[in-house]
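Peer 1: This is the structure I have questions about; it appears just below.
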Amino acid sequence: MNHELTSAIAPRWKRTFLTLFGGQAFSIIGSNVVQFAITLHLALTTNSSILLTTAMLAGYLPQVIFGPLFGVWVDRVNRKTIMILADLFVAAASAGLMIFFLISQPPFWFLFIILMLRSLGQGLHEPALLASIPLIVPRGELTRVSGYRQAVDSAALLFAPVIAAAMLNFLPMAYIMLFDIGGAVIASAILLFFVPIPHSPRPERPEIEKPAKLFTGMFEDMKAGIAELAKYRGLIILALVVACAAFIFVPITTLFILLVTNNFKGGSVEIAAVQTAFGIGMLTGSLLLGLFGKLRKKVFYMAFCCILMGGMLLAVSLLPPEMYYLLVILAALGGMLFPVLTSPFFAMVQTIISPGVLGRVMALIKSVTILATPLGLLIAGPVSELFGVTIWFLVAGSIMILLGGICLAMPSIRGVDDLLMTRQKQGKGQDYGRAPGLSGSFPAKKPD
């Protein structure tokens with residue numbers, strides 16, 4: 001059974017979390033800057049949509065394919081160690097690309113390999129981070145913390161393109177790689193020396209704890225993660241809802257460009273205004289969730305956001321050309337609603353799923369949601385080309401409203417809120433064990 005945090009631990013979790021994410025911010029922003037710089041470099045040097053699509057797939061597919069297996073390692077190995085090694089692996093890939101740029105112009109196949117290697121590192125890091133958060137954060141604070149985590153991601157998405165574009169104007173590509181390398185080293189050093197993360201419960205079978213048997217029974221453990229998630233039908237459906245939201249919404253940021261140029265006859269200034277409004281909306285929504293995120297009826301708020309987002313997309317599809325200013329407002333609203341839809345879901349998973357299997361479950365869910373992103377991009381382009389850009393907004397808005405209605409109507413989904421309340425009554429924190437690292441340890445819990 002879970003217990004309340006002791007008075008000695010309770011004040012410490014905020015400092016631990018802020019230190020962790022203060023360091024991770026360097027890594028996240030650095031990775032986003034380099035990722036966008038590589039994409040922009042390909043766009044400027046090739047002007048090929050096929051190569052850009054291939055680069056996009058190289059950045060996504062490794063996480064989709066290997067994510068569930070990475071989740072097994074997250075549950076077997078020290079999660080702090082995994083995050084450090086994953087960050088340094090991504091930095092090593094960037095260092096390899098930097099060396100190639102210093103020697104000559106790298107071929108396209110080498111860029112794709114680097115993107116795939118970076119994707120592998122990110123696919124290992126993300127579930128380890130998500131599975132570590134419940135070990136240092138009380139259950140009642142997970143939604144707020146998820147909002148702050150999303151705020152870091154939103155800030156990176158908002159500012160990374162600007163930073164990358166500015167750097168490309170003044171620096172060779174080789175030196176831009178240092179931005180990622182430096183961010184990873186700073187994040188790893190902070191995590192190593194200043195962030196104590198308790199050990200998670202060991203896997204179910206003690207024979208796989210030995211390093212020599214790191215690969216033993218991986219598929220069995222992966223099945224165990226699937227079986228754990230299958231216990232909660234409502235969570236599975238909500239995971240599909242979040243994946244559908246990613247499938248629908250991620251292409252929107254690209255389609256806004258076509259919408260502005262085709263329907264509103266705008267130029268670069270108008271495009272930048274809409275894109276900036278969307279990014280600021282995401283950042284604002286994430287921060288508001290962090291400040292006021294103790295939501296009691298999380299499923300209700302997710303469903304409500306689904307319906308509002310659907311209404312926003314429908315309104316965008318019907319706007320006349322003279323109402324461009326309203327498009328900017330609706331873009332900001334859509335950006336604000338997206339983190340309120342997605343972030344509480346991950347807090348639900350962190351609250352409900354046992355810490356010992358959380359890495360596997362998180363990796364499974366992230367693989368599904370990541371797969372939805374390139375699928376949405378691949379389908380949205382041809383659909384918009386054949387039927388016009390507004391058709392995507394029209395169909396997407398209708399689907400989002402339908403998804404919101406399903407969340408409100410299905411008892412198994414509404415029951416997730418009751419399960420969350422039960423888990424939180426059992427204890428606002430998790431069982432804390434010894435925390436590895438130079439920062440000391442959390443005291444062991446005594447049974448009631």
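The values are calculated or read from the model by the stated rules, or taken from the named source; none is laboratory data. Model, not experiment: these values are computed from the prediction. No Cβ is skipped: glycine too gets one built from the backbone with ideal geometry, and neighbour counts run over all protein chains shown. Heads up: the accessible areas ignore ligands, DNA and RNA and are worked out on the full protein's heavy atoms, side chains in. Shrake-Rupley method; radii C 1.70, N 1.55, O 1.52, S 1.80 Å.
Peer 1: Can you tell me the equivalent ellipsoid semi-axes for the stretch 44-197? Use √(5λ) from the Cα gyration tensor, largest first, whole Å.
Peer 2: They are 29, 18, 16 Å, listed largest first.
Peer 1: May I ask you to compute the full-extension gain from LEU178 to VAL395, defined as 0.36 nm times their residue separation minus their alpha-carbon distance, rounded to one decimal in nm?
Peer 2: So the chain would gain 73.9 nm between LEU178 and VAL395.
Peer 1: Kindly report the accessible area of the chain per residue (heavy atoms of protein chains, probe 1.4 Å, no ligands, DNA or RNA), in Å².
Peer 2: For the chain, the per-residue accessible area is 43 Å².
Peer 1: Put +1 on the Cβ of every Lys and Arg and -1 on every Asp and Glu Cβ in the chain; which of PHE26, LEU235, ALA273 then has its Cα farthest towards the positive end of the dipole?
Peer 2: About the Cα centre, the residue reaching furthest to the positive side is LEU235.
Peer 1: How much of the accessible area of the chain, probe 1.4 Å, is carbon plus sulfur, in whole percent?
Peer 2: Percent of accessible area from carbon and sulfur atoms in the chain: 71.
Peer 1: Go ahead and set up a Gaussian network model of the chain, Cα springs under 10 Å, then flag whichever of ALA243, ALA273, ALA58 fluctuates most.
Peer 2: Of ALA243, ALA273, ALA58, the most mobile in the Gaussian network model is ALA273.
Peer 1: Sticking with this one: Filter the trypsin sites (Lys or Arg not before Pro) in the stretch 233-321 down to the DSSP loop ones having no more than 16 other Cβ atoms within 10 Å, then list what survives.
Peer 2: LYS265, LYS294, ARG296, LYS297
Peer 1: Work out how much length GLN105 to ASN169 would gain on full extension: take 0.36 nm times their residue separation and subtract the Cα-Cα distance, in nm to one decimal.
Peer 2: 21.3 nm
Peer 1: What FRET efficiency, computed as 1/(1 + (r/R0)^6) with R0 = 25 Å and r the Cβ-Cβ distance, is obtained for ARG15 and LEU288, rounded to the nearest 0.05?
Peer 2: After rounding, the FRET efficiency stands at 0.60.
Peer 1: Now for a different question. GNM on the chain, C-alpha springs below 10 Å: top fluctuator among ALA165, ALA86, ALA184?
Peer 2: Judging by the Gaussian network model, the answer is ALA165.
Peer 1: If we count GluC sites (Glu not before Pro) as exposed when they sit in a DSSP loop and have at most 16 other beta carbons within 10 Å, what is the longest stretch of the chain that avoids them all?
Peer 2: 210-448
Peer 1: Looking at the chain as a GNM with Cα springs under 10 Å, which of LEU295, LEU318, LEU238 has the largest mean-square fluctuation?
Peer 2: LEU318
Peer 1: Which Cα, out of LEU319, ALA128, LEU111, lies furthest along the positive dipole direction of the chain (beta carbon charges, K/R +1, D/E -1)?
Peer 2: ALA128
Peer 1: Could you list, in their original order, any pairs among LYS80/LYS297; LYS80/LYS223; LYS14/LYS231; LYS14/LYS223; LYS366/LYS425; LYS223/LYS294 whose Cα atoms are separated by more than 30 Å?
Peer 2: Pairs exceeding the cut-off: LYS80/LYS297; LYS14/LYS231; LYS14/LYS223; LYS223/LYS294.
Peer 1: Let me ask you something else. Which whole number in µm²/s is D for the chain by Stokes-Einstein, with the Kirkwood Rh taken over Cα pairs at 20 °C and 1.002 mPa s?
Peer 2: Rounded to a whole number, D works out at 94 µm²/s.
Peer 1: Something else now. Using +1 on the beta carbon of Lys and Arg, -1 on that of Asp and Glu, and nothing else charged, what's the dipole of the chain about the Cα centre, debye to 20?
Peer 2: Taking the Cα centre of the chain as origin, the dipole is about 1300 debye.
Peer 1: I would also like to ask the following. If contacts are Cα pairs under 8 angstrom and at least 6 residues apart, what is the relative contact order of the chain in percent?
Peer 2: Relative contact order comes out at 29 percent.
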